[in-house]
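> Starting off with a structure, shown below.
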DNA sequence: GCCGTTTTCGGCCCGACTGTTTTCAGTCG
């Protein structure tokens with residue numbers, strides 16, 4: 001049983017407890033544990049019971065329940081709750097405007113178990129007379145049922161940013177003296193996001209009207225004096241919060257989250273005799289404002305170094321901020337090159353020279369052209385002969401393009417048995433070899449582990465690319481023993497990629513952090529298939545920052561002179577990094 | 001259900017908006 005399956009059960013228990021009206025803190029404990037489980041880099045099933053107990057937010061009871069779940073596939077407590085409430089009523093909770101109380105009421109009063117039941121009940125007027133539900137509420141629910149497919153779902157970080165940028169520009173144009181900025185999960189650099197959160201400080205009240213009147217707004221969900229929510233065309237929700245300038249830092253802190261970070265921070269505030277809300281940090285004894293205009297002041301007043309938004313997940317950043325050990329996170333400006341991209345030789349859209357010029361204009365000092373190997377026949381993958389001919393063309397581009405060094409590489413398939421798709425003699429003649437899995441994703445974890453380990457044994461492999469093969473919102477990655485692969489990569493000096501394609505971002509944040517902790521060097525590559533996609537490294541940088549990586553942890557922050565000796569072909573046989 | 005250099009019991013983050021209400025519960029973030 002994997003972490004996501006465990007997380008789903010724990011989250012479902014949380015939902016069921018909420019419908020039941022249980023202690024809110026007990027509910028939070030289950031949800032908190034679900035959140036933790038879903039982001040944990042190590043597999044819970046691979047941990048010993050004491051190791052599970054050591055995870056923050058998992059105590060004796062939850063550790064035991066998780067153990068039972070792993071061993072038997074279910075938790076009795078969960079099954080008992082499902083006896084009280086059918087699992088299908090949890091769908092009701094996802095409707096805008098329907099929470100646990102309403103769901104419980106509908107089930108108890110009218111026996112409503114499914115969305116279809118609810119829709120029928122409303123259209124038949126059976127909700128009339130139910131306490132707390134009037135005409136408007138019923139209409140709202142009916143609309144939510146109709147819109148659920150459209151509204152449901154998260155967006156990729158890149159897509160959400162594309163939606164946010166023009167909206168921010170429109171608000172800034174309306175309120176040029178205001179300070180208007182993106183907060184929420186997008187500011188934290190999360191790989192996907194459920195909505196857009198915007199904070200405006202020192203802007204006129206009319207900015208709210210500019211927001212609800214934005215031309216991409218499909219429907220206004222809420223419209224107050226300081227807070228407003230809209231549904232944008234395409235079904236993406238955006239929230240705007242207007243605060244006074246002296247509260248801007250507090251509002252940005254509050255709405256950037258994460259929820260777990262904020263709870264921990266406010267707990268810390270209380271312990272130190274303060275109250276923290278979206279307006280500021282106040283002394284409990286006399287309500288005097290201590291900080292609020294900027295985020296830094298709030299963190300400092302709480303005895304913390306300012307915490308970068310990407311780290312605010314309550315995964316150790318508060319302790320590190322207290323001890324002054326926060327990492328200096330890698331930035332896009334630290335990147336000097338890009339070692340994974342494609343051209344028209346296989347499935348890219350531009351030729352070598354175009355890619356080189358665009359990369360140079362982006363500020364890169366070196367790139368590697370790494371087209372596909374023969375196994376990817378549908379992408380016109382290259383065989384040994386074609387790969388070497390392509391390498392010659394790549395190297396010749398250096399004579400025509402100034403200001404950047406173009407390395408001849410390959411993205412070589414790791415075949416199902418772990419052998420490389422091109423012969424060693426060919427790989428040995430290239431400058432860089434990127435190895436990837438593109439087939440047989442469904443191998444058992446044991447087999448996949450052996451497959452990747454075998455690939456890392458090939459002395460010419462420099463980089464393991466998109467190491468889980470996941471596609472965000474579409475496909476889970478393949479499973480294998482990451483600890484063993486990380487250990488082998490660290491031992492052999494193979495870099496592991498954070499792939500910056502908008503729907504890959506693979507490795508993910510927590511896994512990249514674990515890899516680094518195990519001594520692996522990471523690399524942030526674009527895997528660009530077009531010149532425009534070379535800019536995608538910014539998304540990979542966001543993941544790297546969420547993984548606590550510094551420039552020193554990332555291979556392509558090195559100069560070319562520093563990089564070359566780190567490639568395996570340039571290392572003395574048997575030597576390690 | 002978790003957690004503890006003021007606690008092994010008694011805490012646990014905080015406020016805006018809406019709809020159904022005559023003072024507030026529910027939802028949301």
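The values are calculated or read from the model by the stated rules, or taken from the named source; none is laboratory data. All of these numbers come straight from a predicted model, not from anything done at the bench. Note that each Cβ is placed from the backbone with ideal geometry, even for glycine, and that neighbours are counted across all protein chains shown.
> Residues that are away from DNA strand B (no atom under 14 Å from the Cβ): which helices (runs of 4 or more DSSP H) entirely in the stretch A:131-212 hold 3 or more of them?
A:135-151, A:157-174
> Out of the residues in the stretch A:371-401 meeting the condition of being part of a loop (DSSP other than H, G, I, E, B) and in contact (Cβ under 8 Å) with a residue 24 or more places away in the chain, tell me which one is nearest to residue A:538 (Cα to Cα).
The selected residue is A:401.
> When you check residue A:432 against the structure, is it under 21 Å from residue A:339 (Cβ atoms), surrounded by fewer than 22 Cβ atoms within 10 Å (Cβ to Cβ) and either more than 23 Å from the chain's Cα centre (by Cα) or touching a residue at least 40 places away in the same chain (Cβ under 8 Å) (or both), yes or no?
No: the conditions fail for residue A:432.
> Which numbered condition trips up residue A:113, out of (1) modelled with pLDDT of 90 or more; (2) in a helix (DSSP H, G or I); (3) closer than 30 Å to residue A:145 by Cβ?
Condition not satisfied by residue A:113: (2).
> Right, something else. Within the stretch A:1-102, considering only helices (runs of 4 or more DSSP H) that don't extend past its boundaries, which have at least 1 residues that are at pLDDT below 90 and either more than 10 Å from DNA strand B (Cβ to nearest atom) or crowded, with 19+ Cβ neighbours inside 10 Å (or both)?
Ranges flagged: A:3-20, A:24-39, A:90-93.
> Test residue A:197 against the stated conditions and say whether it is at pLDDT 90 or above, in contact with a strand residue (DSSP E or B) (Cβ under 8 Å, 6 or more places away or on another chain), surrounded by 15 or more Cβ atoms within 10 Å (Cβ to Cβ) and more than 18 Å from residue A:292 (Cα to Cα).
yes
> From the list A:542, A:512, A:547, A:532, which one is within 15 Å of the chain's Cα centre (by Cα) and more than 24 Å from residue A:452 (Cα to Cα)?
Criteria check complete, one pass: A:542.
> Right, another one. Considering only residues that are more than 11 Å from DNA strand B (Cβ to nearest atom) and assigned to a strand (DSSP E or B), look in the stretch A:213-226 and name the one that is nearest to residue A:172 (Cα to Cα).
Of everything passing the filter in the stretch A:213-226, A:217 is nearest to residue A:172 (Cα to Cα).
> Tally the residues that are surrounded by fewer than 17 Cβ atoms within 10 Å (Cβ to Cβ) and part of a helix (DSSP H, G or I), restricting the search to the stretch A:355-370.
1
> Something else now. Can you give me the number of residues within the stretch A:116-130 that are in a loop (DSSP other than H, G, I, E, B), within 12 Å of DNA strand B (Cβ to nearest atom) and more than 25 Å from residue A:24 (Cβ to Cβ)?
3
> Based on what the data block shows, is residue A:404 in contact (Cβ under 8 Å) with a residue 40 or more places away in the chain, over 28 Å from residue A:191 (Cβ atoms) and either surrounded by fewer than 20 Cβ atoms within 10 Å (Cβ to Cβ) or in contact with a helix residue (DSSP H, G or I) (Cβ under 7 Å, 6 or more places away or on another chain) (or both)?
Judged against the criteria, residue A:404 is a match.
> Before we move on, is residue A:173 surrounded by fewer than 17 Cβ atoms within 10 Å (Cβ to Cβ) and either closer than 17 Å to residue A:240 by Cα or modelled with pLDDT of 95 or more (or both)?
In short, yes.
> Given the criteria surrounded by 18 or more Cβ atoms within 10 Å (Cβ to Cβ) and without any contact (Cβ under 8 Å) to a residue 40 or more places away in the chain, does residue A:165 qualify?
Judged against the criteria, residue A:165 is not a match.
> For residues in the stretch A:473-518 being more than 20 Å from residue A:549 (Cβ to Cβ) and touching a strand residue (DSSP E or B) at 6+ places or on another chain (Cβ under 7 Å), which is surrounded by the most Cβ atoms within 10 Å (Cβ to Cβ)?
So the residue we want is A:503.
> Shifting gears a bit: Residues of the stretch A:449-505 being within 15 Å of the chain's Cα centre (by Cα), assigned to a loop (DSSP other than H, G, I, E, B) and within 13 Å of residue A:523 (Cα to Cα), which ones?
Hits for the stretch A:449-505 are A:466, A:500, A:505.
> Could you check the stretch A:227-332 for strands (runs of 3 or more DSSP E) lying wholly inside it with 1 or more residues that are buried (at least 18 other Cβ atoms within 10 Å of the Cβ) and within 13 Å of DNA strand B (Cβ to nearest atom)?
A:227-232, A:236-243, A:274-277, A:280-283
> One residue is enough: does the stretch A:556-569 have a residue meeting the conditions under 27 Å from residue A:317 (Cα atoms), at pLDDT 95 or above and in a helix (DSSP H, G or I)?
Yes - at least one qualifying residue is present in the stretch A:556-569.
> Inspect all residues belonging to the stretch A:520-533 and state whether any of them is buried (at least 16 other Cβ atoms within 10 Å of the Cβ) and part of a helix (DSSP H, G or I).
Yes, the conditions are met somewhere in the stretch A:520-533.
> Continuing with the same structure: Would you tally the residues in the stretch A:455-467 being in contact (Cβ under 8 Å) with a residue 40 or more places away in the chain and either within 11 Å of residue A:481 (Cα to Cα) or surrounded by fewer than 20 Cβ atoms within 10 Å (Cβ to Cβ) (or both)?
1
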